[in-house]
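In what follows, a structure is listed as structure tokens, so that the remarks can point back to it.
Any read-out appearing in this document is the output of simple, stated calculations on the displayed coordinates, not a laboratory observation. Since the model is a prediction, treat every value here as computed from it, not as a measurement. No Cβ is skipped: glycine too gets one built from the backbone with ideal geometry, and neighbour counts run over all protein chains shown.
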Amino acid sequence: MSQFYSDPSRENETYALPNAETFKGYRHECKGCGAERPLFPDFYGALYPNDEHCEECGYTGFRCLDTKVSWYYWACFPGCLPDGDPIGPFETEDDAILDAQESYEEDEEGDETC
Ligand SMILES: [Zn+2]
């Protein structure tokens, strides 16, 4: 798990904080409806696929689709709750960071209302 800047030019700014975070996950699907979602290992590296509730159908229990680790990222400032859902899966952490940086650039081109 590591934090990074979706805008690489901010890395050299002393007070800029990383605004996104990558982490490892594993692709799972709901045993009830087949909806795919990632599960993430806890601090000790354990997964609890049988304790997870499906947001789609409410079923409890997920099945592993792929034992290979996948990478995800989400927008997240240090010490804050993540801002949105995990985005992924990506094959490598670099792919995840690249995608975050590309989608950040696209956001910048749009008319930002804040
Ligand atoms: Zn489901």
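Structural remarks
- With neighbours defined as other Cβ atoms within 10 Å of a residue's Cβ, the residues GLU93, GLU56 order from fewest to most as GLU56, GLU93.
- Applying the criteria of a DSSP loop state and at most 13 other Cβ atoms within 10 Å to the trypsin sites (Lys or Arg not before Pro) of the stretch 1-100 yields LYS68.
- Ranking TYR44, TYR104, ILE87 by Cα position along the charge dipole of the chain, where only Lys, Arg, Asp and Glu carry charges on their C-beta atoms, puts TYR44 farthest toward the positive end.
- Subtracting the Cα-Cα distance of ARG63 and ASN50 from 0.36 nm times their residue separation leaves 3.9 nm of extension gain.
- Summing +1 for each Lys or Arg and -1 for each Asp or Glu among the other residues whose beta-carbon sits under 12 angstrom from that of GLY61 gives -1.
- As a proxy for reagent exposure, ranking TYR59, TYR44, TYR5 by other Cβ atoms within 10 Å from fewest up yields TYR44, TYR59, TYR5.
- Rounded tilt (10° steps) of 93-109 against the dominant C-alpha axis of the chain: 50
- For the chain: rounded, prolate or oblate by the Cα gyration tensor [a/c cutoff 1.5]: prolate
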